[in-house]
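Bear in mind that the values in this text are calculations on the coordinates, not laboratory data. Quick caveat: nothing in here was measured; it's all calculated off a predicted structure. Cβ: placed from backbone, ideal geometry, glycine included. Neighbour counts: every protein chain shown.
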Amino acid sequence: MSTTDALQGRRVLVIGRGSGIARAIVLAARDAGAQIVAAGRSAEALRAAYADEPGITTETVDVTDDASIAALGERLGTIDHVVSTASARARGRLADLTRESVLNSFNTKVIGPLMLAKHLGPRINEGGSFVLFSGVAAFKIAVGTMAVAITNGAADTLTRSLAVELAPIRVNAISPGVIDTGAWDALGEDGKAAMFAKQAQDNPARRIGNADDIAAAALFALTNTFLTGVTLAVDGGEALT
Ligand SMILES: NC(=O)c1ccc[n+]([C@@H]2O[C@H](COP(=O)([O-])OP(=O)(O)OC[C@H]3O[C@@H](n4cnc5c(N)ncnc54)[C@H](OP(=O)(O)O)[C@@H]3O)[C@@H](O)[C@H]2O)c1
């Protein structure tokens, strides 16, 4: 089967918000023939986000709540692929970090996917896979992103561990660099523009990433049946700088 029709008729669960990277994956997988279940903390917000898009149903899940994950599994029955983009990043210098914010980051991006694997793994059809999310901060240590780095590092290790334990279900991760998804809006328009300009100047790709760059990598991870236990760095080479 070619990669172009590998998602035809497959059910793909994509967890995240109705915009940014999750949305780009939802639309790309749908356009590749998949039936999409877009799930997040607010199914209502997702329904509104995808109101004009055919082939997408919405569901509720909070990845920090095991009962919510188990209930989603019951409602889904079986599924082919699971993508989790859920993230609650704890940015800031050491002095700014609280136990609560760091735990929330781990709970969302590491323990959440671990529990998704526990509850949804037995529901994955033959040939299915998980795609998790890491991030360049794990590979490029900097002051101000320590909690993001250790969360992403744990997500990478989780990916390799699950690939072995869940085999032959494949488990991969994507590690984005700086992607313009709105995730940086807290910096303010000027702060964001300055940060994006510096990143584009410094990284080998000489540009900021976009959500479609990441969706293309996610589709590769979903469809390449010899790829497992890998974190794909789609970061414009930022980790090398
Ligand atoms: N954008 C970048 O530059 C960048 C860089 C490196 C890595 N990444 C990673 O790439 C992924 C997608 O990034 P993004 O920028 O498109 O989105 P994002 O801003 O990181 O959004 C992640 C979304 O996860 C959802 N979420 C949070 N807690 C959740 C929970 N307990 N259960 C279910 N969903 C939850 C939230 O959606 P709701 O608020 O709608 O619930 C949140 O908006 C993330 O894992 C991110 O860390 C992004």
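Things to note:
- Dividing the summed helix terms, -39500 (n - 2.57) for each DSSP H run of n ≥ 4, by the number of residues in the chain produces a 222 nm estimate of -12000 deg cm²/dmol to the nearest 500.
- Net length available on complete extension from Glu165 to Arg75 is 29.9 nm, with 0.36 nm assigned per residue and the Cα-Cα distance removed.
- With Cα atoms as the point set, the chain shows a radius of gyration and Dmax of 17.1, 52 Å.
- Nearest-20 debye value, segment 3-234 charge dipole, Cβ charges on Lys, Arg, Asp, Glu: 420
- Neighbour net charge for Leu97 - beta-carbon separation under 12 angstrom, K R +1, D E -1: +2
- Other residues lying with their Cβ under 15 Å from the Cβ of Gly33 contribute a combined charge of -1, Lys and Arg counting +1, Asp and Glu -1.
- Contact order relative to length of the chain, as percent, for alpha carbon pairs under 8 angstrom and 6 or more apart: 20
- Partner lysines whose Cα lies under 25 Å from the Cα of Lys198, excluding those fewer than 8 positions away in the same chain, are identified as Lys140.
- Electrostatic tally near Lys198: other residues with Cβ closer than 13 Å to its Cβ, Lys and Arg +1, Asp and Glu -1, net 0.
- Mean separation of Cα contacts under 8 Å, 6 or more apart, over the residue count of segment 1-52: relative contact order %: 41
- Full extension of the segment from Ala239 to Arg47, taken as 0.36 nm per residue of separation minus the current Cα-Cα distance, would add 65.5 nm.
- Helix runs (DSSP H) in the chain reaching 27 Å along axis by Cα, Kyte-Doolittle at least 0.5: 146-165
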